[in-house]
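Take a look at the structure set out below.
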Amino acid sequence: MNQKPLLSIKKLNIKSGSLQLIKDFNLELSAGDYKVISAPTGTGKTTLFNYIAGILPQAAFEVSGQMEKTPDLRVSYAFQEPRLIPSISVLKNVMLPLQNIMDEQSAQTAARQWLTRFNLSTKSNDYPESLSGGEKQRANLARAFAYASTGIYDRSVVPEALEGPYKNSLLLLDEPFSSQDTDNAQNIQSLIQETLFIPDTAILLITHDHTFFNDNSIIPW
């Protein structure tokens, strides 16, 4: 039986004043899909992500077309510029969205696991201002992956608390490889591939780095 897509966009047009940012754009993402948008700066890629995430300012844009999301779709967004809260630790930044779906202790355990996965275990108690640009981006990614993923935690440590109302996840990654050395970039790509094995999860990615994807994954833009 064919599975209903997690996300379907048909004939999307987005304008800002007289500027046409997106024209007749179509997209369908199903569980396990990994799609990449690679295009020059200023061509509407981040605008598309903001639209999908539901944070596009309506007053500033003219939008037409259709978007359908599967019920209870959890959209997790790693912005191009890390939006870490400077007044709280890196650990608490990653915990923030998790506290909406699990208790505080479980959120802390899960956040620590993701910080370790992104090679930030020694930075958990630091504040964002003390991090390098690459470290800030990895903390930003750790938060997004933690919120999107419920299937790869150690369940002996974080058990039933991970069973929330959401059964479907879409992970939006805007330039996830920026400011990363080769080892960390390769690790991020490995975590992306691992996340695709989580049931009912898809990934949409913006990048200028062509190292980690093949032509089959590229969306015409």
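The values are calculated or read from the model by the stated rules, or taken from the named source; none is laboratory data. The structure presented is a predicted model; accordingly, all values stated were derived computationally and were not measured. Methodologically, a virtual Cβ is constructed for each residue, glycine included, from the backbone with ideal geometry; neighbour enumeration extends over all protein chains shown. In case anyone asks, the SASA skips ligands and DNA or RNA and just uses the protein heavy atoms, side chains included. Shrake-Rupley method; radii C 1.70, N 1.55, O 1.52, S 1.80 Å.
Of everything in the range 94-107 that is in contact with a helix residue (DSSP H, G or I) (Cβ under 6 Å, 6 or more places away or on another chain) and outside any loop (DSSP other than H, G, I, E, B), the residue that is nearest to Asn184 (Cα to Cα) is Val94. For the structure I just gave you, tell me whether Ala110 is open to solvent by less than 30 Å² (accessible area, probe 1.4 Å) and either farther than 25 Å from Phe213 by Cβ or of a type in the set (Asp, Glu) (or both). In short, yes.
Let's see how each residue does on (1) open to solvent by 70 Å² or more (accessible area, probe 1.4 Å); (2) part of a loop (DSSP other than H, G, I, E, B); (3) at pLDDT below 95:
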| residue | (1), (2), (3) |
| --- | --- |
| Thr122 | yes, no, no |
| Glu135 | no, no, no |
| Ala139 | no, no, no |
| Ala144 | no, no, no |
| Tyr147 | no, no, yes |
| Ile152 | no, yes, yes |
| Ser156 | yes, yes, yes |
| Gly164 | no, yes, yes |
| Leu170 | no, no, no |
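Name the residue that is surrounded by the fewest Cβ atoms within 10 Å (Cβ to Cβ), counting only residues in the range 47-58 that are without any contact (Cβ under 8 Å) to a residue 60 or more places away in the chain and either among the aliphatic types (A, V, I, L, M) or not in a helix (DSSP H, G or I) (or both). Within the range 47-58, the match that is surrounded by the fewest Cβ atoms within 10 Å (Cβ to Cβ) is Pro57. The set of residues in the range 23-46 being open to solvent by less than 20 Å² (accessible area, probe 1.4 Å) and outside any strand (DSSP E or B) consists of Ala39, Gly44, Lys45.
The combined condition, being of a type outside the set (S, T, N, Q), over 20 Å from Thr195 (Cα atoms) and in a loop (DSSP other than H, G, I, E, B), is not fulfilled by Pro5.
For the range 10-22, which residues satisfy the criterion of being out of contact with any Gly (no Cβ under 7 Å at 6 or more places or on another chain) and either part of a strand (DSSP E or B) or closer than 12 Å to Trp221 by Cβ (or both)?
Selection gives Lys15, Ser16, Leu19, Gln20.
Every listed requirement among (1) open to solvent by 60 Å² or more (accessible area, probe 1.4 Å); (2) within 23 Å of Thr201 (Cα to Cα); (3) modelled with pLDDT under 95 is met by Glu104 save one, (2). For the range 9-19, a tally of residues being open to solvent by less than 80 Å² (accessible area, probe 1.4 Å) and more than 17 Å from Gly54 (Cα to Cα) returns 1.
Within the range 37-47, is even one residue modelled with pLDDT of 95 or more and in contact with a helix residue (DSSP H, G or I) (Cβ under 7 Å, 6 or more places away or on another chain)? No, there is no match, as no residue in the range 37-47 is modelled with pLDDT of 95 or more and in contact with a helix residue (DSSP H, G or I) (Cβ under 7 Å, 6 or more places away or on another chain).
Restricting the range 59-93 to residues that are of a type in the set (A, V, I, L, M) and outside any strand (DSSP E or B), the residue that is most open to solvent (accessible area, probe 1.4 Å) is Ala59.
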